[in-house]
Amino acid sequence: MPVRGLTSRSSAGQIVDALITRHPNHLSPKIVKRSQLNKLVTKMIDKLTSSAMRERGGITAAPPPIKSAQPAAGFDGDTNLNKLSHEEIVKAKGVMNETFVENQVKPGDAAFQYDKRVEFKQPAAASEWDDDLEVDSDLDSDDFDPDDLVF
Amino acid sequence: MAAKKDERIKIILLGDSAVGKTNRPQQMSTFALTLFSYDAEIDGKKVPVDFWDTAGQERFNSMHPSYYYNAHCCILVFDVTRKVTYMNLNTWYKELQDARKGIPVIVVANKIDVDYKVTERSFAFAGKKGAPFFFASASDGTNVVQIFEEAIKAGMEFNEKPPQDFVSDVLSLLAEDWGDKKQ
């Protein structure tokens, strides 16, 4: 029997509460210890999380830094390719294409799935890129300044 | 073209050079302004869709206005291995909204296959714009079909009932508020 609402993002406590409310005759704290239930649910969530991780390419003990473009290839993450010459873009695209081809899953490959959908776990941390990005929320549009209103 | 013009959904791809906009399973080519048409089936209904790709014009940091003309949805792509492509989303978004106010946008973080660890990070841009966000890999196919489907659905909705400049409405309401406070 599936546990309702159980995903890798679930909070164990909430699931336990819901189970107890739904099945008081079997799972009330008088019959089953809450800590036992909690442990069981946590294990189930953990299992879901690790299979999601496996799908995403394996679990590593220490998270390596996120790979980025290769400075050795003549460009890095801060190089605005839009500003390079046509030849330079072609060259950069060639370097990137190597990774593309390496990781490519094509029709006919065993792993090929036409509509591969992966729902990723709620990210635990914000990207450091956001530290440098100033985004206007649409509601404080810079086209608009109340002081410009003249009556 | 078989369908009436107003039934066609135009979806445009936008973002910096080499973020992987063109590396779709269909492998659209990038020699000229590229147009890829096909009939999608959404909820049992055949929908003619045109996908427009930039054909390298993004190198001029700006697209010709005809690119945005009558577009119904925009897939805005950045490359998770290159920060500059994320920083430039602001510029693209602004140009897009200036040209086609209120158009629905889907933000895509592409190339996650290079390092799946990147999916453990959140990227605030989409949320601040109220746009859906997807991690994707055009290389291994993760979420690609889903993104195109979402884009078609959003485009259909925009085509049927374009928001009557919702943002302007909100702003004018806010302006009334401000006006009151000032007095």
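How big is the B/A interface in buried accessible area, both sides summed, 1.4 Å probe, to the nearest 100 Å²? Could the numbers behind the result be given before it?
Numbers: alone 10680 and 13640 Å², together 19110 Å².
Summing both chains' loss of accessible area gives about 5200 Å².
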- Message: Taking 20 Å as the cut-off for C-alpha to C-alpha distance, list the pairs among A:91/B:10; A:116/B:129; A:47/B:111; B:101/B:129; B:83/B:111; B:46/B:111 that go past it.
- Response: A:91/B:10; A:116/B:129; A:47/B:111; B:46/B:111
- Query: Which ³J(HN,Hα) values, rounded to whole Hz and listed in residue order, are derived for the stretch A:22-29 from phi using the Karplus coefficients 6.51, -1.76 and 1.60 in 6.51 cos²θ - 1.76 cosθ + 1.60 with θ = phi - 60°, glycine and proline given as x?
  - Reply: 6, 10, x, 5, 9, 10, 4, x
- Message: I'd like to compare B:74-81, B:92-99, A:14-21, A:105-112: which one has the highest average count of other Cβ atoms within 10 Å, and what's the full order after that?
- Response: B:74-81, B:92-99, A:14-21, A:105-112
- For the pair residue B:66 and residue B:39, what calculated FRET efficiency results from E = 1/(1 + (r/R0)^6), where r is the Cβ-Cβ distance and R0 = 22 Å, to the nearest 0.05? 0.40
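Counting only heavy atoms of the protein chains, get the accessible area per residue of the stretch B:57-133 (1.4 Å probe) and round it to a whole Å² value.
Numbers: 2560 Å² over 77 residues.
Here the per-residue accessible area is 33 Å².
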- Quick one: which residues, 5 or more positions from residue B:40 or on another chain, have an amide H under 5 Å from its amide H? H modelled 1.01 Å from N in the peptide plane, none for Pro or chain starts. B:47, B:49
- How do the peptides B:135-146, B:117-128 rank, highest first, by the average count of neighbouring beta carbon atoms within 10 Å per residue? B:135-146, B:117-128
- Message: What are the ³J(HN,Hα) couplings of the stretch A:94-99, residue after residue, when phi is run through the Karplus curve with 6.51, -1.76, 1.60 and θ = phi - 60°? Round to Hz, x for glycine and proline.
- Response: x, 4, 5, 5, 4, 5
- Simple spin-label estimate for residue A:114 and residue A:33 in nanometres, 7 Å along Cα-Cβ: 5.2
- Note on the structure: For residue B:122, other-chain or 5+-apart residues with amide H closer than 5 Å (H placed, Pro excluded) are A:125, A:126, A:127
- Item | trypsin sites (Lys or Arg not before Pro) restricted to DSSP loop in the stretch A:1-45 with at most 12 other C-beta within 10 Å | A:4, A:30, A:33
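The values are calculated or read from the model by the stated rules, or taken from the named source; none is laboratory data. Predicted, not measured: the structure shown is a model, and the values here were computed from it. Quick reminder, even Gly has a Cβ in these numbers, built from the backbone with ideal geometry, and neighbours come from all protein chains shown. Accessible surface areas use protein heavy atoms only, side chains included; no ligands, DNA or RNA. Shrake-Rupley method; radii C 1.70, N 1.55, O 1.52, S 1.80 Å.
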